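Chemist: One structure is given below, represented as C-alpha cells, and several questions about it will come after.
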Protein chains: 2
Amino acid sequence: MKIFIAGAGAMGSRFGFMLHQAGNEVSLIDGWQDHINAIIENGLEVNYNGQEFNIQIPIYNQKDLDINSKAELIIVFTKAMQLDEMMKDLQPIISKETKILCLLNGLGHEDVIDKYLPAENIYLGNTVWTAGMTGPGKVKLFGTGALELQNIVPGFEKEANEIAEALSSAGLNAKYSDDIKFSVYQKACVNGTMNGLCTLLDGNMNEVGATSTSKTMIWKIMEEFRAVADFENINLDLDYIYDKILEFNDINKLGNHYPSMYQDLIINHRKTEIDYINGAISRKGTKYGIPTPYCDFLTDLIHAKEDLLDAK
Amino acid sequence: MKIFIAGAGAMGSRFGFMLHQAGNEVSLIDGWQDHINAIIENGLEVNYNGQEFNIQIPIYNQKDLDINSKAELIIVFTKAMQLDEMMKDLQPIISKETKILCLLNGLGHEDVIDKYLPAENIYLGNTVWTAGMTGPGKVKLFGTGALELQNIVPGFEKEANEIAEALSSAGLNAKYSDDIKFSVYQKACVNGTMNGLCTLLDGNMNEVGATSTSKTMIWKIMEEFRAVADFENINLDLDYIYDKILEFNDINKLGNHYPSMYQDLIINHRKTEIDYINGAISRKGTKYGIPTPYCDFLTDLIHAKEDLLDAK
C-alpha cells in the first residue's frame, strides 16, 4: 500500500518504520528540517526493542510536497495544533481515493480534516503504542501496543477493516472498533485530568494524585466530559476512568512520571494540546449549552502559563 | 485606653507602636516565641518612616495569658487560619465590656469571633495601612494609610465612633463606615483574583495580568463574588474593582510585586488564606445555592499546591 505518514515524530516514525519493514511503500512528511535532513543523509535510525536498524525511507518537508504521486492512505500524527496546517500542505498528494487515518490525541480532529476531504474518506483511531525520539532522525521504539479505528461515515466498515488489516500485517495490532468515539473520549477524559493538573501544579502523577483535593478536582473535570459526551450519545463510565487515572498515579505504575503536557510546556516551553482536550470540551459545552467551568478555567490557566513561559 | 494587639506581626506592631506612642496602655500578644523574646529583651525596634525607635512594650505568648487584667479593646491581626485558636487563648482578658476590632483580610471572620463574645462587642474593620517585619522584634513602617470600621450589631454606632476616634488620635486615620461589609467584600474580591492566580501560575501581578486569558479568569471569579455578595444585599461594582486590579497589575504601580499569598506559599512554604477569600465564597455559595466553580477550583488548586510544597 502507498502510505504517507504526516507528522514523522516519534510515533509517526514507529508507524512508518513498521509499515516499511512489512513491505509497504512508505514516505514520511514532516516540518522539522533538522530531522528531515538527518533522515535524508543517514536514513532513519531505529532502536527497535534493543536492536539497531537503519532504513532508507523517503521524507519530505510538508511545505515542499512536489510529488507526482497520490496517497492511498495518509496516517496523521501531527500535534493537534499543527493539524490544520498539515492538512493544507497535504493537498498535492490527496486524490478522491485517498483515505486518512487520524491518530491524534484529543477531540474534534475530524472536524478539521473534514474541511479538506470527504467525510467518507476519514477514519478515526486511538492507539496505545508509545515511542520516543533521541535526536533528529533517531527513534527508540520499545514495548508493545495496539490501536483501534473506525470509519466516521456509516457504510465504510469494509474499508476500515482493510486499513486495520494492513496495519496488523505490520505488527501494529490494529482492529476495527464499532465505537471509536467512545475510546477517543475516554482517552481524552483520562488526559483531561492529570495532564493539566500536573502541568499547572508542577508535580508528577503520584505527587499530584496524593494531594488532598485531587479527587474532587478530577471528578469535577470528568463530570464535564461525561455531560458533553452524553450529548453526543457517548456514555462514559467515570468509575472505570477514575480507576484508570488512579493506576497512572500509582507510584508502582506510571506514578513518578510527568505527563506529556508537562514535558511540552514546563520542560520544553512548547505550546500544549489543551485546546484539543479540555478546551474541546469547553467549545462543545458552549455549542450544546452545557456549562463546563472546570474545563474553561483549566484551559485558560494553561494558556496563561504558556504565555508566562513564552511557549512556542 | 487599655488595648491588646492579638497577633503582633508587622501590622499588629504598627498599630501597637502608634497607639502606644499616643499614650494608650498597649500590650502585644503573639505566638512566635523568638519574636516575643526579642521584644522582651531588646524592646520593639521600629523604623518609622526612616526614624529609629525602640520602645518597651509588654508582650505575652497567647498560650500563657496569665494576666490579672481585662482588655477594653482587642485589635485582632492574626492570620485568618489562626483566628479561632487566638480567640480561645484570649479568654482570660475578655470581659463583658471588652470590644474586639477585627482587621483581618478575608471574609466571614465575624462568625468565628461570634462564638467567643457577644456580637454587639464585635467591630469589623478594613485597613490599607501596610507594614513589614525585618526580623524578630523588628519592624519597618513606611507610608501612610487609613481604616474604616463599623459595629456589626445596629445601635452601637456611638461605640464604633469612639474606637475610630481613639485610633485616629494615634494617627491611624480611622473613620466610621456605614457599610463595612461592602469594603471588606470589595477588598476580598480584589485579593480573590490575582492572589490565587499569581500563586498558581508563578508570576508577578504584571506578568500574570499580561497573559491572554487573565481578563476572562478575573471576571469569572469576580462574578462569583458578586453573586454571593448580592445574596447578602451587598452590591459590588465589578467595573470599579476590575480597574483597581488593573492598577495593581500596572508595572508602574504594584505590577512587579508578588502578592502576599505568593510570598506565603511559594517563598515561605506557609499555608495560605485561600479558605477565607475564594474558599469563603465557595462555602457561602453552597449555603445560598449559588454555583461558584471558579472559586471552588481555585481553592482546591491552592490547597493541592500547599500539599505539594508541604506548607505548614
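The values are calculated or read from the model by the stated rules, or taken from the named source; none is laboratory data. Since we're looking at a predicted model, the values are computed, not measured. Heads up, the Cβs are rebuilt from the backbone with ideal geometry, glycines too, and the neighbour counts pull from every protein chain shown.
Chemist: Condition check: surrounded by 19 or more Cβ atoms within 10 Å (Cβ to Cβ) and out of contact with any Pro (no Cβ under 9 Å at 6 or more places or on another chain). Does B:Tyr116 satisfy that?
Modeler: Working: surrounded by 19 or more Cβ atoms within 10 Å (Cβ to Cβ): no; out of contact with any Pro (no Cβ under 9 Å at 6 or more places or on another chain): yes.
For B:Tyr116, the condition - surrounded by 19 or more Cβ atoms within 10 Å (Cβ to Cβ) and out of contact with any Pro (no Cβ under 9 Å at 6 or more places or on another chain) - is not met.
Chemist: Follow-up question, since we're still on this one. Would you point out the residue of region A:271-298, among those that are of a type in the set (A, V, I, L, M, F, W, C) and within 12 Å of another protein chain (Cβ to nearest Cβ), that is nearest to B:Ser214 (Cα to Cα)? Reasoning before the result, please.
Modeler: The initial filter retains those residues of region A:271-298 that are of a type in the set (A, V, I, L, M, F, W, C), namely A:274, A:277, A:280-281, A:290, A:295, A:297-298.
From the residues that got through so far, the ones that are within 12 Å of another protein chain (Cβ to nearest Cβ) too are A:274, A:295, A:297-298.
Working: A:Ile274: 16, A:Cys295: 15, A:Phe297: 10, A:Leu298: 12 Å.
By that ranking, first place goes to A:Phe297.
Chemist: Do the conditions hold for B:Pro259, that is, is it out of contact with any His (no Cβ under 8 Å at 6 or more places or on another chain) and either away from chain A (no Cβ under 12 Å) or within 17 Å of B:Gly106 (Cα to Cα) (or both)?
Modeler: Values: out of contact with any His (no Cβ under 8 Å at 6 or more places or on another chain): yes; either away from chain A (no Cβ under 12 Å) or within 17 Å of B:Gly106 (Cα to Cα) (or both): yes.
For B:Pro259, the condition - out of contact with any His (no Cβ under 8 Å at 6 or more places or on another chain) and either away from chain A (no Cβ under 12 Å) or within 17 Å of B:Gly106 (Cα to Cα) (or both) - is met.
Chemist: Here is a follow-up. Which residues, taken from region B:78-112, are out of contact with any strand residue (DSSP E or B) (no Cβ under 8 Å at 6 or more places or on another chain), in a loop (DSSP other than H, G, I, E, B) and either of a type in the set (Phe, Trp, Tyr) or in contact (Cβ under 8 Å) with a residue 40 or more places away in the chain (or both)?
Modeler: Result: B:Lys79, B:Asn105, B:Gly106, B:Leu107, B:Gly108.
Chemist: Let me ask something else about it. Out of everything in region A:226-263 that is assigned to a loop (DSSP other than H, G, I, E, B) and of a type in the set (D, E, K, R), what residue ends up being farthest from A:Thr193 (Cα to Cα)? Step through it out loud before you land on a result.
Modeler: Initial filter on region A:226-263 (assigned to a loop (DSSP other than H, G, I, E, B)): A:232-237, A:250-259.
From what is left, the residues that are of a type in the set (D, E, K, R) are A:232, A:237, A:250, A:253.
Details: A:Glu232: 20, A:Asp237: 15, A:Asp250: 15, A:Lys253: 17 Å.
Ranking the qualifying residues of region A:226-263, first place goes to A:Glu232.
Chemist: Please indicate, with yes or no, whether at least one residue in region B:240-247 is within 14 Å of chain A (Cβ to nearest Cβ) and either surrounded by fewer than 24 Cβ atoms within 10 Å (Cβ to Cβ) or not hydrophobic (A, V, I, L, M, F, W, C) (or both).
Modeler: No, region B:240-247 contains no residue that is within 14 Å of chain A (Cβ to nearest Cβ) and either surrounded by fewer than 24 Cβ atoms within 10 Å (Cβ to Cβ) or not hydrophobic (A, V, I, L, M, F, W, C) (or both).
Conditions (1) of a type in the set (A, V, I, L, M); (2) closer than 23 Å to B:Ile113 by Cβ; (3) touching an Asp or Glu at 6+ places or on another chain (Cβ under 9 Å), marked per residue:
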| residue | (1), (2), (3) |
| --- | --- |
| B:Gln21 | no, no, no |
| B:Asp30 | no, yes, no |
| B:Ile40 | yes, no, no |
| B:Gly43 | no, no, no |
| B:Tyr48 | no, no, no |
| B:Gln51 | no, no, no |
| B:Tyr60 | no, yes, yes |
| B:Ile75 | yes, yes, no |
| B:Lys88 | no, yes, no |
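Chemist: Identify, from the list B:Lys138, B:Lys158, the residue that is surrounded by 14 or more Cβ atoms within 10 Å (Cβ to Cβ), basic (Lys, Arg) and at pLDDT 95 or above. Before the answer, list the steps.
Modeler: Values: B:Lys158 fails: surrounded by 14 or more Cβ atoms within 10 Å (Cβ to Cβ).
It is B:Lys138.
Chemist: Just the residues that are assigned to a strand (DSSP E or B) and buried (at least 17 other Cβ atoms within 10 Å of the Cβ), please, taken from region B:1-55.
Modeler: Initially, region B:1-55 is screened for residues assigned to a strand (DSSP E or B), giving B:2-6, B:25-30, B:44-48, B:51-55.
Within region B:1-55, B:Ile3, B:Phe4, B:Ile5, B:Ala6, B:Val26, B:Ser27, B:Leu28, B:Ile29, B:Asp30, B:Leu44, B:Glu45, B:Val46 qualify.
Chemist: For the list (1) out of contact with any Lys or Arg (no Cβ under 8 Å at 6 or more places or on another chain); (2) more than 12 Å from chain A (Cβ to nearest Cβ); (3) in contact (Cβ under 8 Å) with a residue 12 or more places away in the chain, I need the number of the one condition that B:Ile234 fails.
Modeler: Only one criterion is unmet by B:Ile234, namely (1).
Chemist: Considering every residue within region B:69-77, establish whether at least one is over 18 Å from the mean Cα position of the chain (by Cα), without any contact (Cβ under 8 Å) to a residue 24 or more places away in the chain, loosely packed, with under 15 Cβ neighbours inside 10 Å and part of a loop (DSSP other than H, G, I, E, B).
Modeler: First pass over region B:69-77, keeping only residues over 18 Å from the mean Cα position of the chain (by Cα): B:69-72.
Retained after the next criterion (residues that are without any contact (Cβ under 8 Å) to a residue 24 or more places away in the chain): none.
Within region B:69-77 (the criterion being over 18 Å from the mean Cα position of the chain (by Cα), without any contact (Cβ under 8 Å) to a residue 24 or more places away in the chain, loosely packed, with under 15 Cβ neighbours inside 10 Å and part of a loop (DSSP other than H, G, I, E, B)), the answer is no, since none of the residues qualifies.
Chemist: While we're looking at this one, here's another question. Scan region B:299-312 for residues that are basic (Lys, Arg) and at the interface with chain A (Cβ under 9 Å from one of its Cβ atoms) and jot them down. It would help to see each step written out before you state the result.
Modeler: From region B:299-312, those basic (Lys, Arg) are B:305, B:312; that's our starting set.
Listed by number, the list holds a single entry, B:Lys305.
Chemist: Being touching an Asp or Glu at 6+ places or on another chain (Cβ under 6 Å) and either farther than 19 Å from B:Ile277 by Cβ or more than 10 Å from every other protein chain (Cβ to nearest Cβ) (or both) is the filter here, so list the residues in region B:181-221 that pass it. Lay out the reasoning, then the answer.
Modeler: Taking region B:181-221 as the starting set, the residues that turn out to be touching an Asp or Glu at 6+ places or on another chain (Cβ under 6 Å) are B:183, B:211-213, B:216-217.
The answer is B:Ser183, B:Thr211, B:Ser212, B:Thr213, B:Thr216.
Chemist: Now for a different question. Do we have B:Ile266 as in a helix (DSSP H, G or I), buried (at least 20 other Cβ atoms within 10 Å of the Cβ) and modelled with pLDDT of 95 or more here?
Modeler: Values: in a helix (DSSP H, G or I): yes; buried (at least 20 other Cβ atoms within 10 Å of the Cβ): no; modelled with pLDDT of 95 or more: yes.
So B:Ile266 does not fit the description; no.
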